[in-house]
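The values are calculated or read from the model by the stated rules, or taken from the named source; none is laboratory data. Treat the numbers as computed from the prediction; the structure is a model and nothing was measured. All Cβ positions, even for glycine, are placed from backbone atoms using ideal geometry, and neighbour counts span all protein chains on display. In case anyone asks, the SASA skips ligands and DNA or RNA and just uses the protein heavy atoms, side chains included. Shrake-Rupley method; radii C 1.70, N 1.55, O 1.52, S 1.80 Å.
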Amino acid sequence: MRVLIADDDKGVGVSLSALVERCGHEVIQVVGSGFDAIQAYTRLRPDVVLMDFFMPRLNGGTAARMILAKDPAAKIILISGAATLEKMEEAGAVAVLPKPVDLDKLYGALTEAAPSR
């Protein structure tokens, strides 16, 4: 599965990338903002987007809604250390994970979000 990661903290992006790869999936790009996530999604069409909820300028919730407006079939997993579950679910995410991200929970969320073939 091809995964796009969006997180404004480069260190977290690198860590998430390593976790996704440990789950057996391919990271196609790591971007640092919601705006960059929308552009990368449009260009790369990943199977899943793993996106931080709180990012400057354009947060993950708004970026998720914008991606879903263009492609209602998009699979987005939101992560956050502080956001309320309800607020994140309103963004249309297929899964919500707390930071720090647990490998087993990430594996489960990616498996659930996997496109059916």
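Key figures for this structure:
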quantity: Condition broken by residue 5, with the remaining ones in (1) of a type in the set (Val, Ile, Thr); (2) open to solvent by 30 Å² or more (accessible area, probe 1.4 Å); (3) touching a Ser or Thr at 6+ places or on another chain (Cβ under 9 Å); (4) within 17 Å of residue 93 (Cβ to Cβ) satisfied; calculated: (2)
quantity: Of all residues making up the range 95-117, the number that are open to solvent by less than 80 Å² (accessible area, probe 1.4 Å), farther than 21 Å from residue 37 by Cβ and either in contact with a Lys or Arg (Cβ under 8 Å, 6 or more places away or on another chain) or at pLDDT below 90 (or both); calculated: 1
quantity: Residue in the range 18-44 that is least open to solvent (accessible area, probe 1.4 Å), counting only those that are in contact (Cβ under 8 Å) with a residue 40 or more places away in the chain and more than 12 Å from the chain's Cα centre (by Cα); calculated: 23
quantity: Some residue of the range 3-12 being hydrophobic (A, V, I, L, M, F, W, C), without any contact (Cβ under 8 Å) to a residue 24 or more places away in the chain and more than 16 Å from residue 108 (Cα to Cα); calculated: no
quantity: Positions within the range 47-94 being over 17 Å from residue 12 (Cα atoms), outside any loop (DSSP other than H, G, I, E, B) and at pLDDT 90 or above, in sequence order; calculated: 48, 61, 62, 63, 64, 65, 66, 67, 68, 69, 70, 76
quantity: Members of the range 13-46 found to be part of a strand (DSSP E or B) and out of contact with any Leu (no Cβ under 9 Å at 6 or more places or on another chain), listed by number; calculated: 26
